[in-house]
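**Student:** Quick one: the structure is below, and I'll ask about it shortly.
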Amino acid sequence: MTLGFFPTPMHELKTLSKMFSGYRVFIKRDDLNGLATGGNKVRKLEYLLQDALEKGHDTVITAGAQQSNHCRLTAAACAKVGLKCHLVLGGQEPEQHEGNLLLSGLFGAKIHFTGDNRKGEDMQLIAEQIRKEGANPYLIPYGGSTEIGALGYSDAMLEMKSQMKETGQWMDYIVFASSSGGTHAGLLAGRELHQLNSKLIGISIDKDETNGHSLETIIADLYRSVMGMYGIKNIKEVPGIELLRGYDKAGYGVITGNELKAIKVLAEAEGILLDPVYTARAFYGMMDLMDRKELKPNSNVLFLHTGGLPAIFHYSKELNQKKNAG
Ligand SMILES: *Cc1c(COP(=O)(O)O)cnc(C)c1O
């Protein structure tokens, strides 16, 4: 199913390349994939909603934080294909709906605020309630990170390979924000299936574990299931998972000087916006790796922009304070 516009652009960040000598810096614009201000969940939702429709569902339920990009894009995608959408969001309802939360409502999603149950614990409960009312809901877990959703990023890898081939510019590294694991696992599978040499570097965004599982384990398990979707079973060895943990210490959704710096650098140098939660944290990580020459000299470094724009407007207070302080 098509929800966005692909291929998304891939181009050099010429000013950044000048700022980081020894590197050429490129960007893959999945923030520009066209649906509802874009982002990485669009590729996942193309597979997930296809699955929901094929199985005859009429409603989608998913969960996330109040500023979840995944929830906003699920609401938009459901609107586009004529599915009803229920969102299960942690915390209390705020007085003002802003950023992603505001947009999710505009797309017509029914929003449930679930207080301290912040990780979608109430999805089953709500599914039962609406089943009683005659709905046939399809449940999508946090971040859309199932083997079905991850197929979208295996495709993205093939798309990037074609673009590299076309331009003759092969990427030595691909750097991206990694959080619920679907993007990371999909890229790993695509890299394997389409035999690319680019090294994948995920920057961890959330220091907390999910249900007692480390993100590394989740990515490895998802990788096996994604490969299984392509008929490749009994994988003995999962390829090396590079997940850098050094930038998530402040915690999920906490904006520090690092994120602000990344936002300002890219905005001032290239006129491109990063979101404060995911892409700014990952972009800061990439700049830090280049500053410290941890990436091999004379290499091409690609940043995968995974979207998140509306969060900027939710965090305007933090961004203002930091601006005035700096
Ligand atoms: C969800 C999200 C990510 C992380 O992707 P996962 O597949 O959950 O690891 C990165 N960036 C943005 C903007 C996101 O919304």
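Just so it is clear, none of the values below were taken in a lab; they were calculated from the coordinates. These numbers were taken from a predicted model, which means no experiment stands behind them. Every residue, glycine as well, gets a Cβ built from its backbone with ideal geometry; the counts of neighbours run over all protein chains shown.
**Student:** By the gyration tensor of its Cα atoms, with a ≥ b ≥ c the square roots of the eigenvalues, what is the shape of the range 41-143: rounded for a/c under 1.5, prolate for a/b over b/c, or oblate?
**Tutor:** oblate
**Student:** Taking just the alpha-carbon atoms of the chain, what radius of gyration and Dmax come out, in angstrom?
**Tutor:** Just the Cα atoms of the chain yield Rg and Dmax of 19.1, 62 Å.
**Student:** Let me ask something else. If you take every residue apart from GLY182 with its C-beta less than 11 Å away from the C-beta of GLY182, what net charge results, scoring Lys and Arg +1 and Asp and Glu -1?
**Tutor:** Residues close to GLY182 contribute a combined charge of +2.
**Student:** As a footprinting exposure proxy, order GLU133, GLU46, GLU294 by other Cβ within 10 Å, with the fewest listed first.
**Tutor:** GLU133, GLU294, GLU46
**Student:** Aspartates and glutamates within cross-link reach of LYS28: Cα-Cα under 12 Å, excluding same-chain residues under 8 positions apart?
**Tutor:** Result set, ordered by chain and number: GLU12, GLU159.
**Student:** Isolated Cys in the chain by the 4.7 Å beta carbon test?
**Tutor:** Singleton cysteines: CYS71.
**Student:** Just the number, please: percent antiparallel of the DSSP beta bridges in the chain, rounded to the nearest 5.
**Tutor:** The antiparallel fraction comes to roughly 15 percent.
**Student:** Hey, if you put +1 on the Cβ of every Lys and Arg and -1 on every Asp and Glu Cβ in the range 41-143, which of LEU53, THR74, ASN136 ends up farthest toward the positive end of that dipole?
**Tutor:** LEU53
**Student:** Normalised by the residues of the chain, what does the relative contact order come to in percent, with Cα pairs under 8 Å and at least six apart?
**Tutor:** 21
**Student:** I'd like the Karplus ³J(HN,Hα) series for the range 114-119: coefficients 6.51, -1.76, 1.60, θ = phi - 60°, whole numbers in Hz, and an x wherever there's a Gly or Pro.
**Tutor:** Couplings: 10, x, 6, 7, 9, 10 Hz.
**Student:** Could I ask something else about it? Have a look at the DSSP beta bridges in the range 41-143 and tell me what percent are antiparallel, nearest 5.
**Tutor:** 5
**Student:** Kindly provide the helix-only [θ] at 222 nm of the chain, computed as the sum of -39,500 (n - 2.57) over DSSP H runs of four or more divided by all residues, to the nearest 500 deg cm²/dmol?
**Tutor:** Roughly -13000 deg cm²/dmol at 222 nm, from the helical runs in the chain.
**Student:** Compute the angle between helix 147-167 and the longest alpha-carbon principal axis of the chain, please, reported from 0 to 90 degrees and rounded to the nearest 10.
**Tutor:** Roughly 30 degrees, rounded to the nearest 10.
**Student:** On a C-alpha basis, how far is the centre of the range 1-73 from the centre of the range 269-326 in Å? Whole number, if you could?
**Tutor:** 17
**Student:** Which is farthest toward the positive dipole end of the chain among ALA63, GLY212, MET171, measuring Cα position about the Cα centre, with Cβ charges +1 (Lys, Arg) and -1 (Asp, Glu)?
**Tutor:** Value computed over the given set: MET171.
**Student:** How far is helix 316-325 tilted off the main Cα axis of the chain, in degrees rounded to 10, range 0 to 90?
**Tutor:** 30
**Student:** By a straight-distance test (C-alpha under 27 Å), which lysines pair with LYS110 as possible cross-link partners, with residues fewer than eight away in the same chain excluded?
**Tutor:** LYS41, LYS44, LYS55, LYS80, LYS84, LYS119, LYS132
**Student:** Hey, another quick one. Amide H neighbours of ILE272 under 5 Å, at least 5 residues apart or on other chains, H built in the peptide plane: list them.
**Tutor:** For ILE272, the qualifying residues are ALA267.
**Student:** Quick one: if you stick a label point 7 Å off each Cα along the C-beta vector at LYS165 and GLU93, how many nm between them?
**Tutor:** In this crude label model, LYS165 to GLU93 measures out at 5.2 nm.
**Student:** List the relative contact order of the range 41-143 as a percent without decimals, with contacts defined as Cα pairs under 8 Å and 6+ residues apart.
**Tutor:** Across the range 41-143, relative contact order equals 36 percent.
**Student:** How charged is the neighbourhood of LEU158? Take every other residue with its Cβ under 11 Å from the Cβ of LEU158, and add Lys/Arg as +1 and Asp/Glu as -1.
**Tutor:** Local net charge: +1.
**Student:** I've got another one for you. Treating the angle as unsigned and between 0 and 90°, give the value, to the nearest 10°, between the Cα long axis of helix 215-229 and the longest Cα principal axis of the chain.
**Tutor:** 80
**Student:** Relative to the Cα centre, what is the charge dipole magnitude of the range 41-143, using +1 at the beta carbon of each Lys and Arg, -1 at the beta carbon of each Asp and Glu, and rounding to the nearest 20 debye?
**Tutor:** Computed about the Cα centre, the dipole is about 300 debye.
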